[in-house]
Amino acid sequence: MSDTALPRVAGAPATSGARRGLPRWVWALPPVGVLALAFLYPLGLVVRESLAPGAYADVFASQAFREALTTTVWLAAGATAGCLVLGFTLALVVAFVPFPGGRAVARFIDVFLSFPSFLITLALLFLYGTVGVANGVWTDVTGAAEGPFRFLTTPWGVLLAEITYFTPFVMRPLLAAFSQIDTAQLEAASSLGARPARIVRRVILPEALPALAAGGSLVLVMCLNEFGIVLFTGAKGVTTLPTLVYGKAILESDYPAACVVAVVNIAISVGLYALYRVVSRRVGAQR
């Protein structure tokens with residue numbers, strides 16, 4: 001007797017065919033509803049508030065917005081470049097230079113990713129702040145009234161803090177990419193007389209390009225939206241788009257202007273993410 005001839009036992013659960021009465025899009029409604037309520041609805045409120053009459057014209061015409069936009073872009077670009085160079089160098093050392101504790105360092109990088117950004121800034125303040133360790137040693141040795149290290153409250157201090165905090169975000173994908181490289185290729189290149197610099201340039205770097213693109217794009221977007229580092233360094237003369245949003249909304253209660261700046265910040269971040277997706281697909285297609 002064929003299986004189709006067997007009767008269904010009374011009380012047995014319905015088959016998958018019986019459950020196909022509802023369209024598939026119905027099952028997508030709950031997650032889409034949660035997404036819309038948690039993300040799209042607040043975003044819609046921000047966009048609607050930014051459309052107040054004259055809000056965009058007033059913000060774009062203000063010197064504070066132009067300076068904040070310029071500062072945000074150059075800090076994000078500089079921090080990303082520094083993270084790429086430093087992260088690639090450190091990842092090479094951790095992955096290919098044997099030294100005691102190498103595995104512990106690689107694992108610590110994963111733990112470091114969970115640290116809040118203000119924690120790193122506080123550590124730098126403890127070392128290089130006005131009353132930090134470095135200035136204290138200087139005054140004890142030289143007898144001067146104050147130390148020379150005051151760069152943390154300048155844009156260079158913010159840049160240093162961002163490079164320090166975001167470099168592991170570049171190292172993590174690089175270490176994963178380096179672990180996939182066949183060591184036989186490196187040994188063959190070395191046996192043929194290739195110097196380490198040439199091996200890095202011709203063998204390792206091509207394999208690391210997708211990881212560099214992924215880590216660099218992530219760092220760039222995160223630096224564009226970074227708020228805690230700028231706030232905790234105490235760099236009062238450094239105003240970025242996120243701190244400008246805070247100042248307009250909290251200090252000045254100018255919510256339309258704050259929403260305009262927020263929309264611009266979101267547009268830049270989404271645009272860079274879209275560019276990263278295009279570049280990563282092209283790099284993947286060429287490999």
Here the gain from full extension of Asp182 to Ala104, 0.36 nm per residue of separation minus their alpha-carbon distance, amounts to 25.8 nm
Have a look at Leu275, Leu244, Leu224 and tell me which one the Gaussian network model of the chain (Cα, springs below 10 Å) gives the largest fluctuation. Leu275
Amide N of the range 207-246 lying under 16 Å from the label point, which is placed 7 angstrom from the Cα of Glu146 along Cα→Cβ: 234-237
With Rg from the Cα atoms and Rh as the Kirkwood inverse mean 1/r over Cα pairs, the range 114-180 has an Rg/Rh of 1.17
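Test of understanding: what is the full-extension gain from Val270 to Val93, defined as 0.36 nm times their sequence separation minus their Cα-Cα distance? Mind dumping the intermediate values first?
Working: separation 177, 0.36 × 177 = 63.72 nm, distance 3.35 nm.
60.4 nm is the gain from fully extending Val270 to Val93.
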From the Cα centre of the range 181-240 to that of the range 22-90, the distance in Å is 25 Å
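Given R₀ = 25 Å, what would the calculated FRET efficiency be for Leu127 paired with Trp156, taking r from the Cβ atoms and rounding to 0.05?
FRET efficiency, Leu127 to Trp156: 0.95.
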From the alpha carbon gyration tensor of the range 67-195, can you work out the equivalent ellipsoid semi-axes (sqrt of 5 times each eigenvalue) and give them in Å, largest to smallest? 35, 19, 15
Please report, in whole Å³, the volume per residue of the convex hull around the C-alpha atoms of the range 193-267. 113 Å³
Calculate one ³J(HN,Hα) per residue across the range 196-202 by plugging θ = phi - 60° into the Karplus curve 6.51 cos²θ - 1.76 cosθ + 1.60, and present them in order as whole Hz with x for glycine and proline. x, 4, 5, 5, 5, 6, 9
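Counting residues in the chain as N, plug N into 2.2 N^0.38 Å and put the Cα Rg over that result. Don't skip to the answer; put the middle values down first.
Working: Rg = 26.4 Å, N = 287, 2.2 N^0.38 = 18.9 Å.
Against the compact-globule rule of thumb, the ratio is 1.40.
Bear in mind these aren't lab numbers, they're just calculated from the coordinates by the rules spelled out. From a predicted model like this one, the values you see are computed outputs, not experimental measurements. FYI the Cβ positions are ideal-geometry reconstructions off the backbone, even for glycines, and counts take in every protein chain you see.
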